[in-house]
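Notes follow the structure.
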Amino acid sequence: MMKFVILLSLIMTTYVNAQVKEPAEEFYKIAEQYYETKGSNDFSPEKAYQLFRKGAVLGHVPSKNMAYVVFNVYPKTLFPHMEEAIHYLADAAKANNKFAQFNLGMVLTQGSYLEKNVTLANKWLYSSALLGFKRAHVHHGINLVNQYMPQRNEMKLSEEAYDVIVSELTHAEELKHIEGVVQLARFQFVATGNLEEVQRLMKLAIEWGGEDAINLLKTTEFWDVVNK
C-alpha cells in the first residue's frame, strides 16, 4: 500500500510539474518575441521585465535569467526590481543555467548590485565555462590575470597556474574578444617576456578593435617597451 501511495505521489508531482512547465515556456516565448523589439518606439522595459517575470514566478530557469538581463540593460528604469532580479539570477545560476552563472560571475567581478567578490565570481565563471559558455573562460582568465599582476613580484607562478591562465585566455582569439587578447598579451609579457607573442596579440587586438584597442593597449605594461 505504501509503495502505491509513493508511486501515486510521484505521478502527481510529475503531472503538476508538466502542467506548470508548459505555460512557463509559452510565457518565455512571448517574452522573447517582445524583447526582440527593443529599440523600437513602442518597446517598454517594464513590460519586457514583467513578461519574463511571469515565467520566473513559475520557476522557469531561463525566464529568471532573462528577467535579470532586462533589468541589467535598463537598470535606472527598472531600479525598483533590482533585488528581485538579482534573486532570480542567483536562482538560475544555482539551477546550472550557464548564462546565469556567467552573469552572476560578472556581477560579482564588477561589484554591481552585489558586493564585489572576485574569488566567488571566478567559481561561477569557471562553472559556466565547464557548461560550455566560452566567454566565461575568457572572463575567468581576465580575473586571474588581474589577481596575479599586483602580486607578481612576490608570487612565484607555478607551471600549472600559468597553463590555466593561458588556456582560459586562448578562447579570446576564437571569440575575437579584444580585452581577453590584451590581457593575454599582458600576462605573456610579464610571465615569459615573449615579445614576439606579445606583438602578435597586439596586432590581433588592433585589427579587431582599431582605435579602442590601441587606447586599451596604451594602458599596458608593455606598450612603451614594444613601441621604442
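So, with +1 on the Cβ of K and R and -1 on the Cβ of D and E, and no other charges, what is the size of the charge dipole of the chain about its Cα centre, to the nearest 20 debye?
Numbers: 23 positive and 26 negative charges, 104 e Å.
Using only the charged Cβ atoms, the result is roughly 500 debye.
Select from the chain the helices, each a whole stretch of DSSP H, whose alpha-carbon atoms run 15 Å or more along the helix axis and whose Kyte-Doolittle mean is at least 0.0; answer none if there are none. Don't skip to the end; give the middle numbers.
Details: long enough: 2-35 (49 Å, 0.21); 45-57 (18 Å, -0.63); 61-73 (19 Å, 0.67); 82-94 (18 Å, -0.12); 98-110 (18 Å, 0.43); 118-130 (18 Å, 0.56); 134-148 (22 Å, -0.78); 159-175 (25 Å, -0.17); 178-191 (19 Å, 1.05); 195-217 (22 Å, 0.13).
Within the chain the helices that satisfy the rule are 2-35, 61-73, 98-110, 118-130, 178-191, 195-217.
With contacts defined as alpha carbon pairs under 8 Å and 6 or more residues apart, what's the relative contact order of the chain in percent?
On the way: 249 pairs, mean separation 21.0, N = 228.
Once divided by the residue count of the chain, the mean separation gives 9 percent.
Among the lysines, which fall within straight-line cross-link reach of Lys123, defined as a Cα-Cα distance under 16 Å, with same-chain neighbours fewer than 8 residues apart omitted?
Lys94, Lys98, Lys134
Taking R0 as 41 Å, what FRET efficiency do you get between Met155 and Glu46 from their Cβ-Cβ distance, rounded to the nearest 0.05? Mind dumping the intermediate values first?
On the way: r = 48 Å, r/R0 = 1.17.
With a Förster radius of 41 Å, E is 0.30.
Shape call for the stretch 133-228 from the C-alpha gyration tensor, a ≥ b ≥ c root eigenvalues: rounded (a/c under 1.5), prolate (a/b greater than b/c) or oblate?
On the way: a/c = 1.83, a/b = 1.15, b/c = 1.58.
Here the stretch 133-228 falls in the oblate category.
With n ≥ 4 as the cut-off for DSSP H runs, can you work out [θ] at 222 nm for the chain, using -39500 (n - 2.57) per run divided by the number of residues, rounded to the nearest 500? Write down the numbers at each step before the final one.
Details: 11 runs with 172 residues, N = 228.
It comes out at -25000 deg cm²/dmol, rounded to the nearest 500.
Rounded, prolate or oblate: which fits the chain, taking a ≥ b ≥ c as square roots of the Cα gyration tensor eigenvalues, rounded meaning a/c under 1.5, else prolate when a/b beats b/c? Don't jump to the answer; show the numbers that get you there.
On the way: a/c = 2.85, a/b = 1.83, b/c = 1.55.
Verdict is prolate for the chain.
Coordinate-derived values only; no laboratory data. Since this is a predicted model, take the numbers as computed values, not measurements. Glycine gets a Cβ as well: all are built from the backbone with ideal geometry, and neighbour counts include every protein chain shown.
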